[in-house]
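Participant: Starting off with a structure, shown below.
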Amino acid sequence: MENSFVKGGEKNNNHQPPLSDAQSLSSSHSHEHQASIKYLNKYQNSIENKEAFWQEQASQLQWSKPFTQVSDVSFDKNDLHIRWFADGELNVCVNCVDRHLAERADQPAIVWEGDNPDHSISLTYKQLHEEICKLANALESLGVTAGDRVILYMPMVPEAAFAMLACARIGAIHSAVFGGFSSAALADRINNCEAKLIITADLGLRGTKSIPLKASVDEALTLAEGHSVDKVLVVKQPHGSGTPAWNDKVDLWYHDCVDNQSTEHTPPTFDAEHPLFILYTSGSTGKPKGLQHSSGGYLCYAQTTFKEVFDYRDGEVFWCTADIGWITGHTYLIYGPLAAGATTIMYEGVPNFPTLARFGEVIDKHNVNIFYTAPTTIRMLMADANTALSGSQRTSLRILGTVGEPISPDVWQWYYDDFGLQQAQVVDTWWQTETGGHLIVPIPDSGPVKPGAAQRPFYGIEPQLVDSNGDILEGETSGHLVILDSWPGQARTIWGDHQRFIDTYFSTYEGMYFSGDGARRDEDGDYWITGRVDDVLNVSGHRLGTAEIESAALTYSDIAEAAVVGYPHDVKGQGIYIFVVAKTGVESAETLTDSVRSKIRQALGPIATPDHIQWSPDLPKTRSGKIMRRILRKIASNDFAELGDTSTLADPSVVDKLISGRKDLN
Ligand code: WT7
């Protein structure tokens, strides 16, 4: 690693690291489990000299106007503010593309691999620059200006990357909405961020499935009454439908707007705190929240974590399989790799098309050195390992990343032994939409790795575990995972609802960022993430609020009450289980199961489709009317022993009814 702080850290070699218990070197443990001295010193230095550490990282970006103040932060809920490099100015797109042109004009920036194995396109930094400039010019000619919101509802095609970077270039704030979300979910987001423009495609392709994105946009615009969208830019796909339904006042073909534009564009500069994008994610209550990320701090964090965590070496090929609709697709498909001048692979399709051997084939075809995916995908490959491992050597792999949910030790081991041939280090990266980039991760060279543990804080990050009073717990323990101090990549607010931002993340435990996750810290000070402690599900690495699914179910007129819980699922990690109570007078409710399922699908999208729907005469409630989800989770998991204290239920007999209903479903 080329970072000068390695040197700084080495100077401190004789220093006994005065770290919290979490990291302290306990003499009772064998050295084989301890983090390396090199990591500990560098980590310690990054905490003790935090401003200097981040100043050094940020100086690896190109600033049009240098910053004079590194951070200006308060986690106090009465005065919450998070600002990094605030008086500096830069252009994010210039940092990801233009500044590399001198040395990397002909190096592939994005290698696009189509759904169809015969389709791939390699775009050099020079070509990427031209495409972005054309689109930036087109957007400006359509009246899009800095601060306007642009929704991207796109398949995984190069134009999606052009769109993100062209928005960044002109200071428009992009908000990518995953193509698997329904038109109703899209409508909510259009209204919430008051989008001016939407960029989409006539169709998306995933495996053999066509996804009618443009038609969903049409529906969304009908649903989003009084919306502010002026234009919809439509990318024509080679496999497209010909002519989708068209509204001449609104719809424009992307190629008609872009093809004749100049390949040059003079980039303006923006304040470091200028919003770069908004990305919606689910919370435990109510509607999805639009996390707002910054320009300078976010890009600094994306670049630093990309280089350090993946130990990126010049000339290597990096492949992150995430969709650009998620934060992983922002930070580690686009912004981190391109800021670092890397070659990043963008894959249009799914892991099992034409067969489950595809990922290995793509790795060989493009000589991928660093591969980053989710445990749910690894489990899918593992389930038919013979096919998944056939037809590829995968000898180019050096680093294997994982993200999105806890990875169990057996899945970790298969990834390392079989997929990576014991030649590639596995890095289990814990982070969130809110954090912008990795927070807990065993970076290469930081010491021995433990299958299933995210392990160690990234430089500058101060995790702790707290009890329900917010008291910090010491040593080997379990608790709620909090972060004590800011880092440049953290979200700045929730779009249009700063109070919700404060309430959600900074009010549960005073003066700390609350992640919503639980974790265990072991005898060596290593962290093991145990999962959400709030009402958020993690289904195939996708975050879903139980409340969102419940309110979708309640729009069904025959349903009186609904409660959603997660249960362990072999491939998805968590499955969606919904208990529904029919309104009085509704006969043979069971026959409605399929239509309830499609109603939820319609409201939220296919990823929210319940795996099980159980009708029940009632839900287990306390006398004050609170649903005891703990009991529902046990029942959904087919775990009827030790339901805990049920005596506080208003009607304890409901438990037996739920159990027998569960048995009927099995
Ligand atoms: C939630 C955040 C960060 C990009 C993908 C998901 C879970 C994430 C891990 C991991 C255990 C993990 C947490 C977190 N999670 N990574 N390595 N080990 N759990 O982003 O949709 O914002 O979800 O995903 O529960 O809170 P997200």
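The values are calculated or read from the model by the stated rules, or taken from the named source; none is laboratory data. These numbers were taken from a predicted model, which means no experiment stands behind them. Using ideal geometry, Cβ is built from the backbone for each residue, glycine included, and neighbour counts are taken over all protein chains shown. For the accessible areas, the whole protein counts, side chains as well, though only heavy atoms, and no ligand, DNA or RNA atoms are used. Shrake-Rupley method; radii C 1.70, N 1.55, O 1.52, S 1.80 Å.
Participant: Between SER507 and LYS77, what length comes free when the chain is fully extended (0.36 nm per residue of separation minus the Cα-Cα distance, one decimal in nm)? Intermediate results must be reported in sequence, preceding the final value.
Facilitator: Values: separation 430, 0.36 × 430 = 154.80 nm, distance 0.62 nm.
Length gained, SER507 through LYS77: 154.2 nm.
Participant: Can you give the accessible area per residue of the chain, in Å², using a 1.4 Å probe? Mind showing how you got there, number by number?
Facilitator: On the way: 24740 Å² over 666 residues.
That works out to 37 Å² for each residue.
Participant: Quantify how much of the Cα-Cα distance distribution of region 85-140 extends past 13 Å, in percent. Numbers along the way, then the final one.
Facilitator: Details: 1039 of 1540 pairs.
Everything past 13 Å amounts to 67 percent.
Participant: Could you check the spin-label model distance between ASP410 and ASP664? Points 7 Å from the Cα along Cα→Cβ, value in nm.
Facilitator: Rounded to a tenth, the inter-label distance reads 3.3 nm.
Participant: Let's see if you can work this out: charge +1 on each Lys and Arg Cβ, -1 on each Asp and Glu Cβ, no other charges. What is the dipole magnitude of region 208-262 about its Cα centre, in debye to the nearest 20?
Facilitator: 220
Participant: Dipole of the chain (Lys/Arg Cβ +1, Asp/Glu Cβ -1, origin at the Cα centre): which of THR208, HIS33, GLY114 lies farthest to the positive side?
Facilitator: THR208
Participant: Size of the dipole of region 552-665 about the Cα centre, Lys and Arg at +1 and Asp and Glu at -1 on the beta carbon, nothing else charged, in debye to 20? Numbers along the way, then the final one.
Facilitator: Details: 15 positive and 14 negative charges, 76 e Å.
Once rounded to the nearest 20, the dipole reads 360 debye.
Participant: By how many nm would the segment from ALA650 to ASN367 lengthen if fully extended, with 0.36 nm per residue of separation less the alpha-carbon distance? Mind dumping the intermediate values first?
Facilitator: Working: separation 283, 0.36 × 283 = 101.88 nm, distance 6.15 nm.
Extending this stretch completely gives an extra 95.7 nm.
Participant: Taking all protein chains in place and a 1.4 Å probe, what share, in percent, of the accessible surface of region 563-641 do carbon and sulfur account for? Numbers along the way, then the final one.
Facilitator: Details: 1840 of 3700 Å².
Looking at region 563-641 in its full context, I get 50 percent from C and S.
Participant: Also, quick follow-up: 7 Å from Cα along Cα→Cβ at both HIS255 and SER284: what's the point-to-point distance in nm?
Facilitator: 5.1
Participant: List the residues of region 441-460 whose backbone N lies under 18 Å from a point placed 7 Å from the Cα of THR530 along the Cα-to-Cβ direction.
Facilitator: Taking a point 7 Å out along Cα→Cβ of THR530, the residues of region 441-460 whose backbone N falls under 18 Å are 452-456.
Participant: Can you check how the C-alpha radius of gyration of region 110-207 compares to 2.2 N^0.38 Å, as a plain ratio?
Facilitator: Values: Rg = 14.1 Å, N = 98, 2.2 N^0.38 = 12.6 Å.
In units of the globular-protein estimate, region 110-207 measures up at 1.12.
Participant: Of LYS572/LYS599; LYS196/LYS599; LYS77/LYS231; LYS42/LYS634; LYS307/LYS572, which sit over 32 Å apart, Cα to Cα?
Facilitator: Working: LYS572/LYS599 21 Å; LYS196/LYS599 29 Å; LYS77/LYS231 39 Å; LYS42/LYS634 44 Å; LYS307/LYS572 30 Å.
Long pairs (Cα-Cα over 32 Å): LYS77/LYS231; LYS42/LYS634.
Participant: Using the basic label-point model (7 angstrom from Cα toward the beta carbon), what is the SER36 to SER262 distance in nanometres?
Facilitator: Label at SER36, label at SER262, 4.9 nm between them.
Participant: Given a cut-off of under 8 Å on Cα pairs at least six residues apart, what relative contact order in percent is computed for the chain? Walk me through the intermediate numbers first.
Facilitator: Numbers: 1438 pairs, mean separation 85.8, N = 666.
Computed value for the chain: 13 percent relative contact order.
Participant: Okay, moving on. Once each part is reduced to its C-alpha centroid, what is the distance from region 639-666 to region 533-583 in angstrom?
Facilitator: Each part reduced to its Cα centre gives a spacing of 18 Å.
Participant: Here is a follow-up. If the only charges are +1 at each Lys and Arg Cβ and -1 at each Asp and Glu Cβ, what is the size of the charge dipole of region 137-289 around the Cα centre, to the nearest 20 debye? If you can, show how the numbers build up before the last one.
Facilitator: Numbers: 12 positive and 17 negative charges, 104 e Å.
It works out to roughly 500 debye.
Participant: Dividing the convex hull volume of the alpha carbon atoms of the chain by its residue count, what do you get in Å³ per residue? Mind dumping the intermediate values first?
Facilitator: Working: hull volume 109.5 nm³, N = 666.
Each residue corresponds to 164 Å³ of Cα convex hull volume.
Participant: Can you give the calculated 222 nm mean residue ellipticity of the chain, where each DSSP H run of n ≥ 4 adds -39,500 (n - 2.57) and the sum is split over every residue, rounded to the nearest 500 deg cm²/dmol? Display every interim value, and only then the final one.
Facilitator: Working: 22 runs with 196 residues, N = 666.
Result for the chain: -8500 deg cm²/dmol, rounded to the nearest 500.
Participant: Quick check: from the Cα gyration tensor, does region 45-131 come out rounded (a/c under 1.5), prolate or oblate?
Facilitator: Numbers: a/c = 2.83, a/b = 2.13, b/c = 1.33.
Prolate is the answer for region 45-131, as a/c is 1.5 or above and a/b outweighs b/c.
Participant: Stretch HIS239-ARG623 to full length: gain in nm at 0.36 nm per residue minus the Cα-Cα span?
Facilitator: Working: separation 384, 0.36 × 384 = 138.24 nm, distance 5.80 nm.
Between HIS239 and ARG623, full extension yields 132.4 nm more.
Participant: A further question on this structure: Using a 1.4 Å probe on the protein chains only, how many percent of the accessible area of region 319-360 belongs to carbon and sulfur? Before the final figure, lay out each step's value.
Facilitator: On the way: 350 of 590 Å².
Of the solvent-accessible surface of region 319-360, carbon and sulfur hold 60 percent.
Participant: Moving on. Leaving out ligands, DNA and RNA, and with a 1.4 Å probe, what % of the accessible surface on region 384-457 is carbon or sulfur?
Facilitator: Working: 1020 of 2170 Å².
Percent of accessible area from carbon and sulfur atoms in region 384-457: 47.
Participant: Separate question: Identify, among PRO610, ILE635, PRO620, the residue whose Cα sits farthest towards the positive end of the charge dipole of region 596-654, taking +1 on the Cβ of Lys and Arg and -1 on the Cβ of Asp and Glu, with the dipole about the Cα centre.
Facilitator: PRO610
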